[in-house]
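Written out below as structure tokens is the structure these notes cover.
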Amino acid sequence: MTDVSRRHLLGGTVLAAGVLALPGLVRAQQDGPIKLGTLTPLTGSGGSYGPGMAEVVKKAAAEINQAGGVLGRPLSIISEDDQTNPEAGLRAARKLIDIDGVSAIIGTWASSVTTAVAPVCWQAGVLLATVSGADSITRLPHNGFIIRTQPNTSLQGRKFGEFALEVGAKTVAFMSPQTPFTDAQFAELTKVVTAAGGKTTSLIYDDKKTTFRTEVDQVLRGRPDAIVMGGYTTDTAVLIRDLYRANYRGKLLGFAYAVNRQLVEALPADVSEGIYTLSPSAAEGSGGYGRVAKLLGVDAPDTYACQVYDHLNLIALAMAAGGGATGAIVRDHLRKVAQGGGQPVNNAAEGLRMLAAGGKVDYDGASGPCDFTEIGDITDARFRYEQVQGGKITLLKIA
Amino acid sequence: MLTYLLFALVVGSVYALLAQSLMLSWGLAGLVNLGLAGFFAVGAYASAMLVAWGHAPVLLGPLAAMAAAGVAGLVVCFSTLRLRDDYLAIVTLGFAEVVRLVASNEVWLTGGTDGISGIPGFLRRESGMAFHLGTLALALLAVAAVYLLQRRLLRSPWGRALRSVREDETVAAVAGKNVVRFKAQAFALAAAIAGLAGALYGHYTSYVAPDQFQPLITIYIFLAVTAGGNARPAGAVVGAYLLVGFLEATRFAAEWLPELSALQRASLREMLVGLGLVVVLSLRPDGLLPERSQKAPSR
């Protein structure tokens, strides 16, 4: 087998690479479809969320296309994988912007990926719609090219604090892996709980570990009556199991994206019994949530799928309102279709019809009312409070 | 389109520097260095902190990066003197993870998982194409300089002694060579080159964060060096550019199969990378550019 010469192999490799790249090079630009990119984690630690996000955008775009597209042009969605890694994410974003010529990128999930990709987007005039929560993201000098539908972490920390007090906790422990939002979250949580005369402790763990026995022991020494879990599905599952083994019978609070159906189904019913979850939510009965559920064919889509659905609809509506398909037009008109009064709509097809008829729309989506501040944060978020009861996630209230 | 090509070439150059670093420590000195991502990170952080926070001139950044990574290399080398092969690999992998964990948890020092954003570039970022072209020129210059240095070293008595250490430490020691000194020099130099790559990357992309330095990058570089030839500077360089070309080209290959879901295509890409390595190794087990046997110098 070694008689293939170096020259042939080298030549072959270069040729193969060239051929692989060919379709990208000859693709026509302009007038055709409006191109939008999704950049979600399909592999790596965000790999359990990204595929659903990419799928919902694709399906929602197909719905819009069926209804006639945007400005008479169909939407074309190009999905790339950010590998939950800023380095790989940046390469993918460059390809989406320079080769595909997308006018918006939807769905960056990890805060580090969003921060790495953001400068490339605002320099190229591409809108970046993200689900990352770190407070620092919207403080970047982005000239309006970033919007996010995930409530920022200070707000989430506050909500967790209030929720813990509401379920009767006085001593609250916070357990989380190190993420860009851990500190802000704990600070807000502490503020709320100490104001009510309680006290808080925090413990940062390494989310790659396979057991948290020592961490659990350490936290339980403080005799907390509620533990707030700040991690993602994989590490949270391990944590819940170890807490159960350590005979902890206090209250448990977690993010709904971590304590999701997958996790509840994987754990025995008595282990997961009584866990409270919190997630940003649409107003009850707004209909957007149901539409995402139907698109994905599940009964409880996670918040990220809902958020990217909203991103796509907002971008489509902003393009229609602005009469063009560039990132700058989306930036300039996004708030006109997201807020400020008008006919409430929860999907783009309907909104596009109204805009075409000369109406004004106010998009209320699957993840919430989707109203944005100057720097791109959402102004008001409702939260969905749920509890695991008998192996099922049951809605307590939306407030 | 052009920006994308320039970007890919700069990334390829960063990979080429990392590959040369690995070639020196692994291919020549025989020290299996899985800590590459760690030295890459030390360099990137040193330069970013000095320039973004310390407001030092940008060109000082890479120098600081090389110094910091070189010192880190010495520390790692001296703390692992008695380890070889698999054991050394495990410890160096541990070092890289320690660097990443320190970077994400010591918020006062490194900014934590938020990373450092807004790092100034070597040229003004607003100058558009000139920025990319200029950075590429600098990156190519760095690759060429390191390449020439390595070739020179390889031919020198120092390079011969290093290879003898790789082949058999005891024999080299018996022949009067100071094994520890050779190892330490090679390892520190390799670490410094990785640090230089880190500085280039940080100043080009304007952002460093702990997540960028996951072991994935070390694996990629091992792929590049294995495919290119692990004991020739040219092999490392060629391997690195081919790897980036291949990684990027597989994106487009996936578009030939529109019926696959995004997830399936992402997985397919990863499989193609593995398959590519298997093909290269079965056709050219020593890489594209295998080590040349060198004649003894004539007297």
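The values are calculated or read from the model by the stated rules, or taken from the named source; none is laboratory data. It should be emphasised that the depicted structure is a prediction, and the values quoted were computed from it without experimental measurement. Glycine also receives a Cβ, built like all others from the backbone with ideal geometry; neighbour counts cover every protein chain displayed. The area values use the complete protein model at the heavy-atom level, side chains included, leaving out ligands, DNA and RNA. Shrake-Rupley method; radii C 1.70, N 1.55, O 1.52, S 1.80 Å.
Could you derive backbone 3J(HN,Hα) for region A:33-39 from the dihedral phi with the Karplus parameters 6.51, -1.76 and 1.60 (θ = phi - 60°), listing whole Hz in sequence and x where the residue is Gly or Pro?
x, 7, 9, 10, x, 10, 10
With a 10 Å radius around each residue's Cβ, average the other Cβ atoms per peptide and rank B:34-47, A:132-145, highest first.
Peptide ranking by packing, descending: B:34-47, A:132-145.
Once you wrap a convex hull around the alpha carbon atoms of region B:2-212, what is its projected area averaged over all directions, in nm²?
11.6
Taking each residue in B:55-68, count the Cβ atoms of any other chain within 10 Å of its Cβ, then average. What number comes out?
Per residue, the average neighbour count from other chains is 0.
How much accessible area per residue does chain B have, in Å², with a 1.4 Å probe?
With all protein chains present, chain B gives 42 Å² per residue.
Give the carbon-plus-sulfur fraction of the accessible surface of region A:205-281 in %, rounded to a whole number; probe 1.4 Å, heavy atoms of protein chains only.
47
Among the listed pairs A:Lys59/A:Lys336; A:Lys170/A:Lys336; A:Lys35/A:Lys209; A:Lys294/A:Lys336; A:Lys191/A:Lys294, which have their C-alpha atoms separated by more than 32 angstrom in this model?
A:Lys170/A:Lys336; A:Lys35/A:Lys209; A:Lys191/A:Lys294
Rolling a 1.4 Å sphere over the protein heavy atoms, what is the accessible area per residue of chain A, to the nearest Å²?
I get 38 Å² per residue for this part.
Could you sort B:Val58, B:Val225 by accessible area so the largest value comes first, with the probe set to 1.4 Å?
The ranking, largest first, comes out as B:Val58, B:Val225.
Between the chain alone and the structure with every protein chain in place, find the residues of region A:164-191 that drop at least 40 Å² of accessible area; heavy atoms, 1.4 Å probe.
A:Gln178, A:Pro180
Report, as an integer, the average count of C-beta atoms from other chains found within 10 Å of each Cβ along B:257-264.
Average per residue, whole number: 4.
So who's got an amide H within less than 5 Å of the one on A:Thr379, skipping anything under 5 residues away but keeping other chains? H placed 1.01 Å off N, in plane.
A:Asp371, A:Phe372, A:Thr373
Taking 7 Å along the Cα-to-C-beta vector as the label spot, tell me the B:Tyr87-B:Ile219 distance in nanometres, rounded to one decimal.
2.7
Give the Cα extents of chain A along the principal axes, in whole Å, largest first.
For chain A, the Cα extents along the three principal axes come out at 71, 65, 39 Å.
For A:Gln218 paired with A:Glu166, estimate the spin-label separation in nm (one decimal), with each label point 7 Å from Cα along the Cα-to-Cβ line.
The two pseudo-label positions are separated by 3.1 nm.
Restricting attention to region A:325-399, which GluC sites (Glu not before Pro) occupy a DSSP loop and are surrounded by at most 12 other Cβ atoms within 10 Å?
Sparse-neighbourhood loop GluC sites (Glu not before Pro): A:Glu374.
With the crude spin-label approximation of a point 7 Å out along Cα→Cβ, what separation in nm comes out for A:Thr211 versus B:Ala56?
Simple spin-label model gives 4.5 nm for this pair.
Let me check something: with ligands and nucleic acids excluded, how do B:Phe246, A:Phe255 order by accessible area (1.4 Å probe), largest to smallest?
My answer, sorted largest first, is B:Phe246, A:Phe255.
Express the relative contact order of chain A as a whole percentage, based on alpha carbon pairs under 8 Å and six or more residues apart in sequence.
15
Could you tell me what fraction of 2.2 N^0.38 Å the Cα radius of gyration of the protein assembly as shown comes to, as a two-decimal ratio?
Against the compact-globule rule of thumb, the ratio is 1.01.
Quick one: what are the phi-derived ³J(HN,Hα) couplings along region A:334-344, Karplus 6.51/-1.76/1.60 with θ = phi - 60°, whole Hz, x for glycine and proline?
After applying 6.51 cos²θ - 1.76 cosθ + 1.60, I find 4, 6, 6, 9, 8, 8, x, x, x, 5, x Hz.
To the nearest whole number, what is the average tally of beta carbon atoms from other chains within 10 Å of the beta carbons of peptide A:40-47?
Across A:40-47, the average partner-chain Cβ count within 10 Å equals 3.
So if R0 is 35 Å, what FRET efficiency would B:Glu270 and B:Met129 give, r being the distance between their Cβ atoms, rounded to the nearest 0.05?
0.60
Scan around A:Lys35 for amide H atoms under 5 Å from its own, H built in the peptide plane at 1.01 Å from N, and keep only partners 5 or more places away or cross-chain.
Under 5 Å from the amide H of A:Lys35 lie the amide H atoms of A:Ser76, A:Ser103, each far enough along the sequence or on another chain.
Return the single residue from B:Leu189, B:Leu268, B:Leu223 with maximal mean-square fluctuation; model: Gaussian network over chain B, springs between Cα atoms under 10 Å.
Its mean-square fluctuation being the largest, the pick is B:Leu268.
Suppose R0 equals 51 Å. What FRET efficiency, 1/(1 + (r/R0)^6) with r the Cβ-Cβ distance, do A:Asp332 and B:Leu140 give to the nearest 0.05?
0.80
Chain pair A, B: how much accessible area is buried, both chains summed, with a 1.4 Å probe, in Å² to 100?
4500
Looking at region A:230-300, which trypsin sites (Lys or Arg not before Pro) are in a loop (DSSP not H, G, I, E or B) and have at most 10 other Cβ atoms within 10 Å?
A:Arg249
Per residue in region B:174-213, which ones lose no less than 10 Å² of accessible surface when going from chain alone to all protein chains (1.4 Å probe)?
Residues losing area: B:Tyr201, B:Thr205, B:Ser206, B:Tyr207, B:Asp211, B:Gln212.
FRET efficiency for B:Ser282 and B:Arg151, Cβ-Cβ distance as r, R0 = 30 Å, nearest 0.05?
With a Förster radius of 30 Å, E is 0.55.
Would you report the distance distribution of C-alpha pairs in region A:65-174 as whole percents per 5 angstrom bin, up to the bin with the largest distance?
2, 11, 19, 18, 14, 11, 10, 7, 5, 3, 1, 0
Pairs of Cα atoms under 8 Å, at least six residues apart: use those to get the relative contact order of region A:180-324, whole percent.
Once normalised by length, the contact order is 16 percent.
With θ set to phi - 60°, apply the Karplus curve 6.51 cos²θ - 1.76 cosθ + 1.60 along region B:16-33 and write out the HN-Hα couplings as whole Hz, x wherever there is a Gly or Pro.
Taking θ as phi minus 60°, the curve returns 5, 5, 4, 5, 5, 4, 5, 4, 5, 6, 8, x, 8, 8, x, 9, 5, 9 Hz for region B:16-33.
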